[in-house]
Structures are given as structure tokens and as C-alpha cells.
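Notes to accompany the following structure.
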Amino acid sequence: MNKKLKIGIVCHPTYGGSGVVATELGIALAEKGHEVHFISYDQPFRLDIFSEKIYYHEVSVPDYPLFEYAPYELNLTSKLVDVALHEKLNILHVHYAIPHASAAVNAKQILSTHGIDIPIVTTLHGTDITLLGKDKSFKPVIEYAINMSDTVTAVSEDLKSETLEHFNIKNEIKAIPNFIDMSLYQQEDDDMKLRNRFANKEEFILTHISNFRKVKRVEDVIKIFNKVHKEVPAKLLMIGDGPERLKAEQLCRKLGICDKVKFLGKLKVIEKMLSIADIFILPSERESFGLVALEAMASKVAVISTNTGGLPEVNIDGKTGYLSEVGDVNKMASDTLSLLIDNEKLNAFKENALAHAYTFDLPNILPQYEAVYQELSCKMKS
């Protein structure tokens, strides 16, 4: 890509996969010489580096006596107009249809009154489609935001199909998968010391990472582990926090396995914890992509997951791990045991997982986004 662009990125700043991907994308673009402006209500948690090419603009949401709830979308729209005008942005790349794409579309219309035509790239990550889209009150706004965007991408072929199935979309949707920076997941010599803190030499380590929401089915993780540990020595590490954590803890107490299950809470850096695992368990009811499964694979960990959403595009059944129907705890436990009792098979699956993860490495995916930007930049000139 020849021309260096000024790109505005709008994302959620929290722990979810969309915020991670958006932040890593911006950092990578800056390293390639583009000027990147992050626009959000808080600094993205992965944005912990200094670069002369990266800027952060906070969207303040003051209390207005007139409004019962602070109008974040209006404040975001105003901030987008301000940053685009004064920083002379070339492109807005927004993650999620609402409220980000809808705010960007409004900002674009305001900017047009100043003689500025700024293209919008909207990336769909899943929640805006799978959850918000099921609430019919949001449907007109989601359709409008997607159709008024200049380019729309989705993080998996499955999410693309679901969006086209449930919404009246006139725009083409390009499937560009999530990515990871494989250099962050290299195993180190001191990993064994960390492993020894959680398990004995003869014990396997199973891991689960999520936001502990109902859709993640964290109680299924406990049920799977309860079946596994009766057959082979093992420990379970539960990383993350959320509304379903208490139920999972109560189930552990009921089953009498609290000494074998460690709830570690939220961790900013998960690469170290993944590197000591043997099996990663993800029994989700819904995953538009399954970034955390990919992160596990990048750490050379086999994955036991459901076959929902975009997971089959990440976890290759019978090669990098196993897929099961949602709720099939018995099969997931059986698949886990089939790996743990066969060391040669487990190591083969781990190697396959690592090899497949490299296809999602940042250098393989970044050019696809740059091509989108280049195409839009050329259209704006013509």
C-alpha cells in the first residue's frame, strides 16, 4: 500500500475480542506508517505502547439534566466529526454496527455539509447481529448502519451468512477473519515453573477463558472436567469473570472438586496461562469467530469446542481438536479423554493447532484490510 492514510478506529475498549482485534489492527497499521486515531470512551486496554503514529481521543459523556440516560451515540457522533475535521482523517473504521457504525453514518452526513466525504468501513463482530439483531426494535438501525457503510466486513463466513439471512442487506459483505500476532505466543523456558504452581508433574491442565456470560455455558466446563478428572489426574484453570461465575463456583462445591479447579479472575495477559495448558475447553452456545480458541491454538493447545457459529472455521475437527453439539457434555468429555490418554495423539493435535493458527497470523490478514482502505481511497479520488 503506497499512500499512508489517516485512519480513525472506533471500538469498545474492554476485554472482548473485538476490542483486542481493533487495537492490534491499529497498532499494526501504525507500524506500517499509517496515522491511527482511536476514538472511544476509554483507552483500549491493549493500547499500552507509545507511538508517534497513534493517537487516542476520549469521548466524554457528561450528564445532561434533560436526559435520563447519557446519549453516548450523540457524543460519539460529535467527536467523530471533530476528529475527522481537525485531523483530516481519510477513513473511519468502526467495529460494531451499533452504536459505532450508526454514529459514523451520522457523522458522515454532518461532514458532507463541510464538503468532506469520508468513507466508512464497518466490521461486524457478532454481538450486534446475533444478540442485538434478535431484538426487532434495533433491526432498522442495524440495517441502515450496514447499508450506509461504504464497505462491510464480517469476522467469519458464518457471521456473514447469518447477517445476510436475518437482515435486508444491500451491501456486499467481505469475510475477513480475526487475526493474532503469533510472536506474542512463543513458549518460553520459564513456562514450566508457572505450570508447577498449578499442577503436579503427572497432572494435565485444562483451561477455559471467557466473560462468564450465559452464552459461554461455563457450567458445562465444570461438568466436562468433573468427568475427565475421574479418569486422569488433572486441574482446571478458569480465567475471566462475569455473571455466571458464582453458579460455576457453586457447582464445584456441590461436586466436591474445589481443590482441583482454580478461578483466577480477569487477567490482562493470557498468553502465559495458555502456554501451560494441555486442553482448552470452549462449550459456547454461540461464537461468531472464537478468538480465544485461536489464541489457545497459537499457544500450542488442542481445543475442545462446540460446532456453533464460526468455530468450525477455527477449530478443525479431528485435527486441531474436536467439535460437538452445544450441550453435549458427554462427547466433549470423551473427546478430551481420548487426547489425554494418548500422548502421541495429543502432541500431534497440539502441533496441528499451532500450524493452523499461523494461517491467522497478523501479516496474513493485515493486507486484506489495507486492500479495503486502498480501494476506498481510490474511489474517493475518482
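Any read-out appearing in this document is the output of simple, stated calculations on the displayed coordinates, not a laboratory observation. Everything quoted here is computed from the prediction, not taken from an experiment. Quick reminder, even Gly has a Cβ in these numbers, built from the backbone with ideal geometry, and neighbours come from all protein chains shown.
Determine ³J(HN,Hα), in whole Hz, for all residues of the stretch 299-311 in sequence, where each value follows from phi through the Karplus function 6.51 cos²θ - 1.76 cosθ + 1.60 and θ = phi - 60°; x replaces Gly and Pro.
These are the phi-based 3J(HN,Hα) values: 8, 6, 10, 6, 10, 10, 9, 7, 9, 7, x, x, 4 Hz.
Translational diffusion coefficient, Stokes-Einstein: compute it for the stretch 182-360 using the Kirkwood radius over C-alpha pairs as Rh, at 10 °C and 1.306 mPa s, and state it as an integer in µm² s⁻¹. Provide the component values of the computation, followed by the final result.
Working: Rh = 15.8 Å.
Taking Rh from Cα pairs, D becomes 100 µm²/s.
Need one word for the stretch 1-159: rounded, prolate or oblate. Basis is the Cα gyration tensor (sqrt eigenvalues a ≥ b ≥ c); a/c below 1.5 gives rounded, then a/b vs b/c decides.
Values: a/c = 1.34, a/b = 1.20, b/c = 1.12.
In terms of gyration-tensor shape, rounded.
Considering amide H positions built from the backbone, and no H for Pro or chain starts, which residues 5 or more places from Lys174, or on another chain, come under 5 Å of its amide H?
Under 5 Å from the amide H of Lys174: Val152, Thr153, Ala154.
So what are the ³J(HN,Hα) numbers for the stretch 222-232, from phi and the Karplus equation (6.51, -1.76, 1.60; θ = phi - 60°), rounded to whole Hz, Gly and Pro as x?
3J(HN,Hα) across the stretch 222-232, in whole Hz: 5, 5, 4, 4, 4, 6, 5, 5, 6, 9, 9.
Per residue of the stretch 56-61, in order, report the coupling 6.51 cos²θ - 1.76 cosθ + 1.60 (Karplus, θ = phi - 60°) as ³J(HN,Hα) in whole Hz, putting x for Gly and Pro.
Rounded to whole hertz, the list is 10, 10, 7, 8, 7, 10.
In Å³ and rounded to a whole number, note down the convex hull volume per residue for the Cα atoms of the stretch 85-210. Walk me through the numbers before you get to the answer.
Values: hull volume 22.0 nm³, N = 126.
Value for the stretch 85-210: 175 Å³ per residue.
Rank the residues Ile180, Ile54 as a footprinting-exposure proxy: fewest other Cβ atoms within 10 Å of their Cβ go first.
Ile54, Ile180
Under 5 Å between amide H atoms, partner at least 5 residues away or on a different chain: which partners does His93 have, H built in plane at 1.01 Å?
Gly8, Ile9, Val10, Val121
Of His57, His114, how do they rank once you tally other Cβ atoms within 10 Å and put the fewest first? Could you put the intermediate results ahead of the total?
Details: His57 16, His114 10.
Final ranking by Cβ density, sparse to dense: His114, His57.
Summing +1 for each Lys or Arg and -1 for each Asp or Glu, what net charge is found among the other residues whose Cβ lies under 11 Å from the Cβ of Lys174? Mind dumping the intermediate values first?
On the way: positive: Lys160; negative: Glu157, Glu172, Glu375.
Net charge in that neighbourhood comes out at -2.
If you average the alpha carbon positions of the stretch 34-51 and of the stretch 199-277, how far apart do those two centres end up, in angstrom?
When both Cα centres are located, 32 Å separates them.
Using the number of other C-beta atoms within 10 angstrom as an exposure proxy, rank Phe263, Phe212, Phe204, Phe45 with the fewest first. Write out the running numbers ahead of the final one.
Working: Phe263 16, Phe212 23, Phe204 19, Phe45 13.
Ordered by Cβ neighbours within 10 Å, fewest first: Phe45, Phe263, Phe204, Phe212.
Just to be sure I understand, if you calculate Kirkwood radius over Cα pairs in Å for this structure, which of [x] 21.2; [y] 24.6; [z] 21.9 do you get?
Recomputing Kirkwood radius over Cα pairs in Å here picks out [z].
Given H placed 1.01 Å from N in the peptide plane, which residues other than close sequence neighbours of Ser284 have an amide H under 5 Å from its amide H?
Amide H neighbours of Ser284, under 5 Å, 5+ apart: Thr306.
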